[in-house]
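This report refers to the structure that appears directly beneath it.
Every read-out reported here was derived from the displayed coordinates using simple, explicitly stated rules and does not represent laboratory data. Quantities reported herein were computed from a predicted structural model and do not represent experimental measurements. All Cβ positions, glycine included, derive from the backbone under ideal geometry; neighbour counts span all protein chains shown.
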Ligand SMILES: *Cc1c(COP(=O)(O)O)cnc(C)c1O
């Protein structure tokens, strides 16, 4: 049987990967001349088993990311209560009632309808307001000029950002914390994240404490840190390759 030996070596592997990622983050902050915030690390655990999340927990990680319900819901129910679940994937409105129960933050707010669904759902839980980030589509290319064969990377078009922000600010059971983006494929992530930084600055003129900038994945965390990301979402470089496409 796989048993304890497997578990111990898996835990060692995660520990090593985690400290390598933490070292990369520290170096990126240093390279930026410490003009940037020290970002929070969110370990993206989607497609990985609950035992991996437990291993992360034992290593001191409290912030984890999931992109699908019911996968996130199931893990949240099994694992310690003081984990903070960050929902980072496209969310159907009919799943809002589940996610509103276990999520500490939803990074992927992309339409007004979802604002209303999450606001109502969170109200029904009796919990404190749900933190939300508006996901911005940073791709300036028209749909037909984007690389084919990849799914949409999500987010609201910049032209519709204002309306979405207004709705989120009006929602009593949501707390707007800032912006999130995924760097568009085939474009320079530095430029994309600089744009996100500008959007974040405009944002804070409207809501001063909405200062989260969720950006950066395994392949572009350095560029995200350089552009003042406050939250990094790292999966592969901590937990390894995922079993299937996502
Ligand atoms: C999966 C995912 C990540 C993590 O990506 P890695 O390349 O595995 O680090 C980050 N953000 C979002 C929105 C994701 O879906």
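Brief remarks on what is shown
- Tally of residues being in contact with a strand residue (DSSP E or B) (Cβ under 9 Å, 6 or more places away or on another chain), farther than 21 Å from residue 86 by Cβ and not in a loop (DSSP other than H, G, I, E, B) across the range 149-160: 1
- All positions within the range 206-221 that are surrounded by fewer than 20 Cβ atoms within 10 Å (Cβ to Cβ), more than 13 Å from the ligand (Cβ to nearest atom) and closer than 22 Å to residue 154 by Cα: 211
Per-residue answers, yes or no, for (1) loosely packed, with under 14 Cβ neighbours inside 10 Å; (2) touching a strand residue (DSSP E or B) at 6+ places or on another chain (Cβ under 8 Å); (3) closer than 30 Å to residue 92 by Cβ:
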| residue | (1), (2), (3) |
| --- | --- |
| 16 | yes, no, no |
| 24 | no, no, no |
| 33 | yes, no, no |
| 48 | no, no, yes |
| 54 | no, no, yes |
| 63 | no, yes, yes |
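- Within the range 102-139, tally of residues that are out of contact with any helix residue (DSSP H, G or I) (no Cβ under 8 Å at 6 or more places or on another chain), within 30 Å of residue 185 (Cβ to Cβ) and without any contact (Cβ under 8 Å) to a residue 24 or more places away in the chain: 0
- Restricting the range 222-246 to residues that are more than 24 Å from residue 59 (Cα to Cα) and within 16 Å of the ligand (Cβ to nearest atom), the residue that is surrounded by the most Cβ atoms within 10 Å (Cβ to Cβ): 224
- With respect to (1) within 16 Å of the ligand (Cβ to nearest atom); (2) assigned to a loop (DSSP other than H, G, I, E, B), the lone exception for residue 114 is condition (2).
- Residue satisfying all of: in the range 126-145; surrounded by fewer than 21 Cβ atoms within 10 Å (Cβ to Cβ) and in a loop (DSSP other than H, G, I, E, B); farthest from the ligand (Cβ to nearest atom) among these: 126
- The listed residue being surrounded by 18 or more Cβ atoms within 10 Å (Cβ to Cβ) and either within 30 Å of residue 223 (Cα to Cα) or more than 18 Å from the chain's Cα centre (by Cα) (or both), out of 123, 157, 117: 117
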